[in-house]
Amino acid sequence: MTAMQSEKLLGKFSFRRGVHPPHRKDLSQSCPVQEIRLRAGQRVVIPMSQHIGAPCQPTVEVKQQVTAGQEVGSCEAFVSAPVHSPVAGTVVEVSPQPAAAGTKVLSAVIEVAEDQTNGRPWKQKKENQDLHAYDSAAIVAAIRRAGLVGQGGAAFPTAVKLMPNEKKPVDTVLINGCECEPYLTSDQRLMIEAAGPMVDGLRLALRASGARRGIIAIEDNKPEAINEVMTAIRDIDELQLAICRTKYPQGGERQLIKAVLDRVVPTGGLPLDVGVVVVNAATASAIYWACVEGRPLTERIVTVTGRGIKQPGNFRLPVGMLLSDLLEVCGGLTADAAKVLLGGPMMGPATGRLDIPILKGTSGITVLSRDEVAREAEKACIRCGRCVDHCPLKLVPTRIAQAVKARSIDIALEYDLLACIECGCCAYVCPSKIPLVQYMKSGKVMAKNLSIK
Ligand code: SF4
Ligand code: SF4
């Protein structure tokens, strides 16, 4: 290791507890990102709500022509993010459309006017860009206009995260390049193929938030990404690289902050409470393009993987593309495909329908085969304590699950149900195959319903 490298490299970090599921990244990690272009007549569906916060209201009408990048929904609320059309075409419907959770969400349906040709460049930075020309207000405004949200899955509006807060100053922006979910490789490929824009996105995030230090955290099972990022930050004083041991859920915000900075985010609090903002790797890249080109978030990289898909890979595609169209590009499902997950196997919810759109926060689609999902029946708890030993938040999952089962939500809340991040570690290690995360999720719904009454 050179002297420069040792200055830039921050230790080998980890957190306590968690699990080590098989990575299964080999299916797609060597697949360069392919760009998907839509054909004339295909449709995209743009939901008005694909972020945490207030939903947008449509700003277009049926039969209206739209251009690629045009805003089709907006909202004045502080916590929200506008939505845009990824294609030039005609609005054919503004109506509730099927969404992942089995519900319907008000959406603009747009028919593509002409075969899409070349996409916009995303791998190389633009030449002669002076990032000092952008002040905090300009960066936050550009991010908000572009509709940026966390692309790691949480979909929290990025402008809200980065807006300076006098009461809670930020000293560090952490780029989350851990991608700890098994199977998924979209961030890994982004860092390998397009580290430059991501790194400048981090520099812009520092300027926006007022932080002085930027750290990019990557798990040690991604050596190629580590090399590319190390090269990209070589001459940038305020940036460092933190290598994290591969462990799930290393990419959880709390686990990452504890591991890299040894700071504890209080229960019910935010990273901001300990002077940190965490931004996903793909979001950092989108910050760069939003600032230097005014580019809205209308494209993203998605991993399509699992033994139930014929041609796994990583794809850069229009947000709003239908899942069924995407699976067709990948050769379709195998004969023994059994379950389609929106995300990875630890946290990704299953979907029974394929006529739903890819959203800003969809980082991967995992299709599991029949033998992978063969589930043993739930048995009684044997009080082995494994779920407790592996919970990264030191919760007592078995007690919470029992309380939820008995509909004793007050007891579940006493055991800190609301602190659960639904990471799935407890269910993964449970020898009795108790669907502990399902109990956490339904317990939270019950608690919410109680608080509404
Ligand atoms: S209780 Fe929640 S946070 Fe703890 S392991 Fe289970 S899902 Fe993860
Ligand atoms: S891991 Fe499963 S069987 Fe063991 S204590 Fe927890 S819930 Fe019970």
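The values are calculated or read from the model by the stated rules, or taken from the named source; none is laboratory data. Quick caveat, the model's predicted, so the values are computed rather than measured. Glycine gets a Cβ as well: all are built from the backbone with ideal geometry, and neighbour counts include every protein chain shown. Heavy atoms of the whole protein, side chains included, go into the accessibility calculation; ligands, DNA and RNA do not. Shrake-Rupley method; radii C 1.70, N 1.55, O 1.52, S 1.80 Å.
Observations on the model:
- Identity of the residue in segment 355-405, polar (S, T, N, Q) and more than 14 Å from ligand 1 (Cβ to nearest atom), that ends up farthest from the chain's Cα centre (by Cα): Ser369
Here's the yes/no breakdown for (1) crowded, with 16+ Cβ neighbours inside 10 Å; (2) modelled with pLDDT of 95 or more; (3) more than 24 Å from the chain's Cα centre (by Cα); (4) part of a strand (DSSP E or B):
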{"residue": "Gly73", "(1), (2), (3), (4)": "yes, yes, no, yes"}
{"residue": "Glu93", "(1), (2), (3), (4)": "no, yes, yes, yes"}
{"residue": "Gly102", "(1), (2), (3), (4)": "no, no, no, no"}
{"residue": "Leu106", "(1), (2), (3), (4)": "yes, yes, no, yes"}
{"residue": "Glu114", "(1), (2), (3), (4)": "no, no, yes, no"}
{"residue": "Gln124", "(1), (2), (3), (4)": "no, no, no, no"}
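- Residue in segment 324-343 that is touching a residue at least 60 places away in the same chain (Cβ under 8 Å), closer than 25 Å to Gln151 by Cα and within 16 Å of ligand 1 (Cβ to nearest atom) present: yes
- Given (1) of a type outside the set (A, V, I, L, M); (2) modelled with pLDDT under 95; (3) in contact with a Cys (Cβ under 9 Å, 6 or more places away or on another chain), index of the condition Lys310 fails: (2)
- Leading residue by the ranking (surrounded by the fewest Cβ atoms within 10 Å (Cβ to Cβ)) among those in segment 246-265 that are of a type in the set (Lys, Arg) and under 14 Å from Leu393 (Cβ atoms): Lys258
- Within segment 409-426, being part of a helix (DSSP H, G or I) and either closer than 14 Å to Gly443 by Cβ or more than 16 Å from ligand 2 (Cβ to nearest atom) (or both) holds for Ile409, Asp410, Ile411, Ala412, Leu413, Glu414, Leu417, Leu418, Ala419, Cys426.
- Among the candidates Leu359, Leu317, Leu341, Leu395, residue that is modelled with pLDDT of 95 or more, within 16 Å of ligand 2 (Cβ to nearest atom) and either open to solvent by 50 Å² or more (accessible area, probe 1.4 Å) or not in a helix (DSSP H, G or I) (or both): Leu395
- Matching entry among Gly268, Gly196 (being open to solvent by 10 Å² or more (accessible area, probe 1.4 Å), modelled with pLDDT under 95 and in the same structural domain as Asn176 (by TED's automatic domain parsing)): Gly268
- Number of positions in segment 257-297 that are part of a helix (DSSP H, G or I) and touching a helix residue (DSSP H, G or I) at 6+ places or on another chain (Cβ under 9 Å): 17
- From Thr298, Thr305, Thr334, Thr351, residue being open to solvent by less than 10 Å² (accessible area, probe 1.4 Å) and more than 16 Å from ligand 2 (Cβ to nearest atom): Thr305
- Candidates Val437, Val429, filtered to the one that is aliphatic (A, V, I, L, M), surrounded by fewer than 20 Cβ atoms within 10 Å (Cβ to Cβ), within 11 Å of ligand 1 (Cβ to nearest atom) and within 22 Å of Pro182 (Cα to Cα): Val429
- Pairing residues of segment 424-453 that are within 17 Å of Gly348 (Cβ to Cβ) and aromatic (Phe, Trp, Tyr) with residues that are in a helix (DSSP H, G or I) and within 16 Å of ligand 2 (Cβ to nearest atom), at Cβ distances under 8 Å and at least 6 apart in sequence or on separate chains, gives Tyr428/His390.
- Segment 376-423: number of residues that are closer than 21 Å to Val265 by Cβ and in contact (Cβ under 8 Å) with a residue 60 or more places away in the chain: 11
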